[in-house]
Amino acid sequence: MVEPVIIRLRDDGPLVIHGPVRVIDAEGREFTLPTEKPLLALCRCGQSAHKPFCDGAHKTCGFQARERVALSE
Ligand code: FES
């Protein structure tokens, strides 16, 4: 059984993807991943100079995002 890729939402930061993935642009071209690690951070603040990857710019731009799963009662 293949383990699913996990995407973690970092508070006020990127989407961190754990697992082997490929990142493809709108024209079907594949990005060279910035690291050999099986971990990748995708920008969701819109301020990275290296989109679609996170470069840490979220730390200084005031980006806020703290989504939580709604708990059922
Ligand atoms: S989320 Fe890190 S630079 Fe945008």
Only Cα pairs within less than 10 Å get springs; with that Gaussian network setup on the chain, which residue of ASP25, ASP12, ASP55 has the largest fluctuation?
ASP25
Using alpha carbons only, what's the Rg to Rh ratio of the chain with Rh from Kirkwood?
1.02
Hypothetical label at VAL69: residues of the range 10-52 whose amide nitrogen lies under 18 Å (7 Å Cα-Cβ projection):
10-11, 15-19
Which residue, PHE31, PHE53, PHE63, has the most motion in a Gaussian network model of the chain that connects Cα atoms within less than 10 Å?
PHE31
When the chain is fully extended, how far beyond the present Cα-Cα distance does VAL23 get from ASP11, taking 0.36 nm per residue of separation?
2.1 nm
Accessible solvent surface per residue of the chain, calculated while the other protein chains remain in place, 1.4 angstrom probe, Å²:
82
With all protein chains present, the chain has a carbon and sulfur share of its accessible area (1.4 Å probe) in percent of 54
Given the protein chains as shown and a 1.4 Å probe, how many square angstrom of ARG8 are accessible, to the nearest 10?
140
GNM on the chain, Cα springs under 10 Å; top mean-square fluctuation among GLY62, GLY46, GLY28 goes to GLY28
Over the chain, calculate the relative contact order: mean separation of alpha carbon pairs under 8 Å at least 6 apart, over the residue count, as a percent.
30
Electrostatic dipole magnitude of the chain [Cβ: Lys, Arg +1; Asp, Glu -1; Cα centre; debye, to 20]:
140
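The values are calculated or read from the model by the stated rules, or taken from the named source; none is laboratory data. If you're wondering where the values come from, they're calculated on a predicted model, not measured in any experiment. Because the Cβ atoms are built from the backbone with ideal geometry, glycine has one as well, and the counts that use them run over all protein chains shown. Side chains are part of the model used for accessible areas, which takes the heavy atoms of the whole protein and leaves out ligands, DNA and RNA. Shrake-Rupley method; radii C 1.70, N 1.55, O 1.52, S 1.80 Å.
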